[in-house]
Number of protein chains: 2
Amino acid sequence: MTDFSFTLKKTEGMARRGEITTAHGKIQTPVFMPVGTAATVKAMTVDDVWATGAMIILANTYHLMLRPGPERVERFGGIRKMMGWEGPLLTDSGGFQVMSLGDLRTIDEDGVTFRSHLDGSKHRLTPERSTDIQRMLDATITMAFDECTPFPADHDVAASSMRMSMRWAERCRKAFQRRQGYGQFGIVQGSVYEDLRRESVEKLEALDFEGYAVGGLAVGEGQQAMFDTLEFTTPVMRADKPRYLMGVGKPGDIIGSIARGIDMFDCVMPTRSGRTGQGFTRRGPVNIKNARHADDPRPLDEQCQCPACTRYSRAYLHHLFRCDEVLGLMLLTRHNITYYQDITRAAREALDEGRFAAYHKEFDETYALGDIEALS
Amino acid sequence: MTDFSFTLKKTEGMARRGEITTAHGKIQTPVFMPVGTAATVKAMTVDDVWATGAMIILANTYHLMLRPGPERVERFGGIRKMMGWEGPLLTDSGGFQVMSLGDLRTIDEDGVTFRSHLDGSKHRLTPERSTDIQRMLDATITMAFDECTPFPADHDVAASSMRMSMRWAERCRKAFQRRQGYGQFGIVQGSVYEDLRRESVEKLEALDFEGYAVGGLAVGEGQQAMFDTLEFTTPVMRADKPRYLMGVGKPGDIIGSIARGIDMFDCVMPTRSGRTGQGFTRRGPVNIKNARHADDPRPLDEQCQCPACTRYSRAYLHHLFRCDEVLGLMLLTRHNITYYQDITRAAREALDEGRFAAYHKEFDETYALGDIEALS
């Protein structure tokens, strides 16, 4: 079995075309990873996820440690076996959800104590415990346990938060059990401050992770501040390791971040939006519940090859959402994941052919057009 | 195109093996028809419905007349086109749901006035309107508009209810537009009274429908009274037309009714149960939410070839239901529809091979065993 590795195949400006090799298959980058929070990409079968072109999915350590519990998952041979996903799987560290979902959380130098948002039961996560849980989940890629610095944070707060995360990263690296084809990623913090991001990158690279994530973005700073931060962060990161922008984002965020040197993305947006009636199209988002679609025989996105678009009218999708039918969210989720895979696949093809800048421009212009005209 | 027809291929006792030819395909009987209330078999794609072996599905006129409305469906070429189902489709008349779901309903000789359970809007259904709506929905099989006599009903009430339904049946037959390969079924009423059922059969057969349903059962009379009623009803029905027992039922009801001369069934039970965590197995129903399944690596039903059973453990299905994950109800619904198709397919094969009595006995005995032992 080949070991975990990254091959940089081509660049255009800061944008990169690469390939990650893992114990569970290869990943072409740039890549979008659908989120399978509780060991399921919500409202999709794994076959359908695979059929969209997804090459790796993400699962959430916080949710899985509460239900069904890491010991139980380990007995079943890991999350991938339990859910029937044969490709690579990345788990987050649980740190972000502890802060956003957990109750009565207290942080100290050693770790975080919190109560479950489900039943109030008390739990503790430390760098060592998070790393070990991710091993029990059999994650192909394990994330370092860190503190996601809130936004806004002044320089002092951001610095001390980042430095604690770096001390935790060192403990995570020590706790990580090396296995052929598995990898662990460190997470760059430092808010929107160039000196802190640079310091974070240096500290992490000394630990020699298999990849590096940019954390602490998409937390309210806005697209411009996110892009600005990437522009001074990715150039100081090693070129020979994959770069993962956590929790991002809208379609334009993803294409714009590829242009700024990012290789990997995850976001709940396509699945969550799919459940609330928002479909993504080449010409921007569409609310299928809007009455204008009730008699519209056209597909949601005529360029899309997913079943929702090739077989159904906007009118039928509208009807399903009006009636709260499960099939509506099944079809729209599948469409949205297909869309996210399509736009990243198109970015890879553009990079392969040396025309990413033109692709990026056309993408932004088409997306800004807004939905096709309503039928009169 | 061949016209609507029924071929009786084989009998064993009262049980029948047949084939219905329609404009939209052939149907092997005995057959179970999954219910697609609002133009979707809940939580399943039409491909998945097809893959279970389903040959015909049912949709509900009451729901579809309210949303999306028959005129809109007609513009889209009918329900089958709208939902992408290429096989035959049967619609009920709307009468049953008007009585069970509609508000402030009033019945007179001409028809029924009611208010929508959705928005209180006022609607009217008559034999002519129901028949015309079903034409607009492009139903392969149209059902006569009748009054489902409540249970219990004394002989006088049952007689006058049945006789009104028979007058309505005559109006339905007149209103029905003959189209090649399409059919219309009359509905036998008369509660549990042999003389009334016989009178109803005679009145309907004078109208020469393409098939006949037995209505007014599975409304609280219990399995024994239902079987007793079938035993004196089906023998007086024409042998050369399909017989459809509406709204039935539990697995044992279906196999027992096949033994009593019924060819067609529909019931929301497999889809509704699938959404609440009840899975049907050869050894009876299983509540997958029960804690005993949390660590069980075995399939729900080891004889079943559906994805829920061939690819997942009871533990994973349990986890999905505990977390209210949509995939849980998707998988369990698909399993239950597969199970209903499997037991009717097995009944057909047993009839083909002249061993239906043995199949029936083994089915009942295995079902009564109850679920496999819990793991210790």
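The values are calculated or read from the model by the stated rules, or taken from the named source; none is laboratory data. Keep in mind that this is a model prediction, so the values were computed, not measured. So basically every Cβ, Gly included, is an ideal-geometry build from the backbone, and we count neighbours across all protein chains shown.
Annotations for the structure displayed:
- Residues in region A:61-84 that are of a type outside the set (A, V, I, L, M, F, W, C), touching a helix residue (DSSP H, G or I) at 6+ places or on another chain (Cβ under 6 Å) and more than 11 Å from every other protein chain (Cβ to nearest Cβ): A:Thr61, A:Tyr62, A:Pro70, A:Glu74.
- Hey, B:Arg173 within 24 Å of B:Glu74 (Cα to Cα) and out of contact with any helix residue (DSSP H, G or I) (no Cβ under 9 Å at 6 or more places or on another chain) or not: no
- Top-ranked residue of region B:287-298 - restricted to ones that are surrounded by fewer than 20 Cβ atoms within 10 Å (Cβ to Cβ) and away from every other protein chain (no Cβ under 11 Å), ranked as nearest to the chain's Cα centre (by Cα): B:Asn287
- Filtering region A:38-50 to residues that are at the interface with chain B (Cβ under 10 Å from one of its Cβ atoms), assigned to a helix (DSSP H, G or I) and touching a Gly at 6+ places or on another chain (Cβ under 9 Å) leaves A:Val46, A:Asp47.
- Residue tally, condition of a type outside the set (Ser, Thr, Tyr), within 13 Å of another protein chain (Cβ to nearest Cβ) and over 16 Å from A:Arg75 (Cα atoms), over region B:300-316: 5
- Residue within region A:105-125 that is within 14 Å of chain B (Cβ to nearest Cβ), over 19 Å from A:Ile27 (Cβ atoms) and either touching a residue at least 60 places away in the same chain (Cβ under 8 Å) or under 19 Å from the mean Cα position of the chain (by Cα) (or both) present: no
- Residues that are β-branched (Val, Ile, Thr) and in contact with a Ser or Thr (Cβ under 6 Å, 6 or more places away or on another chain), drawn from region A:65-93: A:Thr91
- With respect to the conditions (1) under 16 Å from the mean Cα position of the chain (by Cα); (2) part of a loop (DSSP other than H, G, I, E, B); (3) small (Gly, Ala, Ser), B:Ser273 falls short on a single one, namely (2).
- Verdict on A:Arg314 being within 15 Å of A:Thr271 (Cα to Cα), touching a helix residue (DSSP H, G or I) at 6+ places or on another chain (Cβ under 8 Å) and among the basic types (Lys, Arg): no
- Flag for B:Thr344 being touching a Cys at 6+ places or on another chain (Cβ under 9 Å), of a type outside the set (Lys, Arg) and assigned to a helix (DSSP H, G or I): no
- Scanning region A:157-200 for residues that are surrounded by fewer than 16 Cβ atoms within 10 Å (Cβ to Cβ) and either outside the structural domain of A:Asp110 (by TED's automatic domain parsing) or in a loop (DSSP other than H, G, I, E, B) (or both) yields A:Gln177, A:Arg178, A:Arg179, A:Gln180.
- Being away from chain B (no Cβ under 14 Å) and basic (Lys, Arg) holds for only one residue in A:Arg355, A:Arg334, and it is A:Arg355.
- Filter pass, B:Thr229 being crowded, with 22+ Cβ neighbours inside 10 Å, touching a residue at least 12 places away in the same chain (Cβ under 8 Å), β-branched (Val, Ile, Thr) and closer than 29 Å to B:His24 by Cβ: no
- Any hit, region A:308-329, residues being surrounded by fewer than 16 Cβ atoms within 10 Å (Cβ to Cβ) and not in a helix (DSSP H, G or I): yes
- Residue check, B:Met1 away from chain A (no Cβ under 12 Å) and at pLDDT below 95: yes
- Restricting B:Ile337, B:Ile262 to those that are assigned by TED's automatic domain parsing to the domain that holds B:Gly36 and surrounded by 15 or more Cβ atoms within 10 Å (Cβ to Cβ) reduces the list to B:Ile262.
- Of the listed requirements (1) within 13 Å of chain A (Cβ to nearest Cβ); (2) under 19 Å from B:Glu349 (Cα atoms); (3) crowded, with 22+ Cβ neighbours inside 10 Å, B:Ile20 misses just one: (1).
- Any hit, region A:64-81, residues being under 30 Å from B:Asp47 (Cβ atoms), in contact (Cβ under 8 Å) with a residue 24 or more places away in the chain and under 18 Å from the mean Cα position of the chain (by Cα): yes
- Meets criteria (surrounded by fewer than 20 Cβ atoms within 10 Å (Cβ to Cβ), more than 14 Å from chain A (Cβ to nearest Cβ) and at negative phi) for B:Gly87: yes
- Test: residue in region B:51-69 that is over 18 Å from B:Ile337 (Cβ atoms) and part of a strand (DSSP E or B): no
- Set side by side, the residues A:Met33, A:Met44, A:Met82, A:Met65 differ, and just one is buried (at least 17 other Cβ atoms within 10 Å of the Cβ) and closer than 17 Å to A:Ile141 by Cβ, which is A:Met33.
- Residue within region A:275-286 that is within 14 Å of chain B (Cβ to nearest Cβ), under 29 Å from B:Glu71 (Cα atoms), free of Cβ contacts under 8 Å to residues at least 60 places away in the same chain and crowded, with 17+ Cβ neighbours inside 10 Å present: no
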